[in-house]
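Peer 1: Provided herewith is a single structure, encoded as structure tokens, for subsequent inquiry.
The values are calculated or read from the model by the stated rules, or taken from the named source; none is laboratory data. Quantities reported herein were computed from a predicted structural model and do not represent experimental measurements. For neighbour counting, all protein chains shown are included, and Cβ atoms are generated from backbone atoms with ideal geometry for every residue, glycine included. Ligands, DNA and RNA are stripped out before the accessible areas are found, and what is left, the full protein with its side chains, is counted by its heavy atoms. Shrake-Rupley method; radii C 1.70, N 1.55, O 1.52, S 1.80 Å.
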Amino acid sequence: MKKLLIIIGVFFFPSYSCFSQSNTLKVIIGPVANLTGLDPISASSQPGTIFTKEIVKRLRHQGYSIDYEFIDAWKRANNLFNNGHVHVLFPEVIGDRTQQGITGMPITRIPGYAIYTLTTQPKLHSFTSLEGKEVGLLFGRYYPEELKNNQKIIFNEVNKLEQNFKKLQQGRIDAVIEVISEGNRSLKKLGLTEVHHGNELHAAYTAYRFHPSQQSLELMEAFNTVVADMIIDGTYTEIFQMNSNAFYHSSQ
């Protein structure tokens with residue numbers, strides 16, 4: 001019999017709370033490589049999307065009117081959530097105080113960031129090493145406060161990661177900061193061999209994000225209960241067994 005290696009009791013809620021079901025609830029899934037995918041085609045086979053789909057399925061069985069949609073741009077996904085057009089956003093970073101709302105229980109670990117520079121330049125291993133440099137970021141992406149609050153760094157934001165790497169290649173920016181798994185994937189896709197990166201920085205954890213209202217708190221309770229059930233019955237492990245960033249682990 002499988003046993004959880006961590007205690008989940010603090011997250012478990014004993015029963016569902018009532019939630020207004022007059023309108024269909026909407027869950028938005030944003031793009032993350034190897035978790036939710038980077039485009040609608042790849043998203044359907046990614047563990048974070050499959051996990052969300054299973055949550056939606058179980059909530060429907062409980063009587064909720066709820067659906068989900070994949071959005072391939074974080075700026076749009078964040079705007080939909082922050083403007084109140086959708087009820088839940090995933091995957092969100094626990095502890096991100098730049099975003100509205102509250103997060104539920106942890107779902108997965110997010111690989112940390114890396115600083116990418118041309119191989120003609122030294123590898124950089126800290127955010128402070130970027131002071132005085134122009135750095136490529138993505139619109140809508142979460143970045144640690146110690147980076148974004150550093151006024152000595154010049155930020156250049158674009159919509160797509162590939163744009164940043166092309167700017168770096170052309171010498172238009174000094175560095176690119178990206179989640180290390182996504183950065184490496186993009187470099188391989190572009191065939192860039194003249195770019196390297198430093199050590200992994202600031203790993204974090206994902207969760208579903210909800211609005212700070214009483215009804216949304218009740219919805220978060222429902223989500224947390226379903227997630228806890230899926231951990232206990234082995235569904236979580238089944239979905240994330242091939243994902244090295246799984247937060248919950250089980251053993252015989």
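Peer 1: If you add up the charges near G63, with Lys and Arg at +1 and Asp and Glu at -1, over every other residue whose beta carbon is less than 14 angstrom from its beta carbon, what do you get?
Peer 2: +2
Peer 1: Tell me the per residue accessible area of the chain using a 1.4 Å probe; a whole number in Å² is fine.
Peer 2: 49 Å²
Peer 1: When all protein chains stay in place, what accessible area (Å², nearest 10, 1.4 Å probe) is found for S42?
Peer 2: Per-residue accessible area (S42): approximately 30 Å².
Peer 1: Using R₀ = 22 Å, calculate the FRET efficiency as 1/(1 + (r/R₀)^6) where r is the Cβ-Cβ separation of I154 and N199; round to 0.05.
Peer 2: Efficiency at R0 = 22 Å is approximately 0.50.
Peer 1: Per 0.36 nm of contour for each residue apart, how much would the distance between L217 and E162 grow if the chain were fully extended, relative to their Cα-Cα spacing?
Peer 2: Net length gain for the segment: 16.0 nm.
Peer 1: Let me ask you something else. So how long is each side of the chain along the principal axes, counting just the alpha-carbon atoms, biggest first, in Å?
Peer 2: Extents along the principal axes, in whole Å: 58, 44, 32.
Peer 1: Moving on to the next point. Are there DSSP H segments in the chain that both extend 18 Å or more along their axis (alpha-carbon positions) and score a mean Kyte-Doolittle hydropathy of at least 0.0? List them, or say none.
Peer 2: Membrane-span-like by this rule: 214-232.
Peer 1: In a shell of Cβ-Cβ distance under 14 Å around F223, excluding F223 itself, what net charge do Lys and Arg (+1) and Asp and Glu (-1) give?
Peer 2: +1
Peer 1: Moving on to the next point. Just the number, please: carbon plus sulfur as a percent of the accessible area of the stretch 71-222, 1.4 Å probe, no ligands or DNA/RNA counted.
Peer 2: Ligands and nucleic acids excluded, carbon and sulfur give 46 percent.
Peer 1: Turning to a different aspect of this structure: Cα centroid distance between the stretch 174-252 and the stretch 135-160, in Å?
Peer 2: 20 Å
Peer 1: Also, I was wondering about something else. Using protein chains only and a probe of 1.4 angstrom, how many square angstrom of D233 are accessible, to the nearest 10?
Peer 2: 90 Å²
Peer 1: Tell me the net charge near T36. Cut-off is 13 Å between Cβ atoms, T36 excluded, with +1 for each Lys or Arg and -1 for each Asp or Glu.
Peer 2: Net charge in that neighbourhood comes out at -4.
Peer 1: OK, next. Would you mind checking the stretch 75-97 for residues with the amide N under 12 Å from a putative spin-label position 7 Å along Cα→C-beta of E145?
Peer 2: So the set is 95-97.
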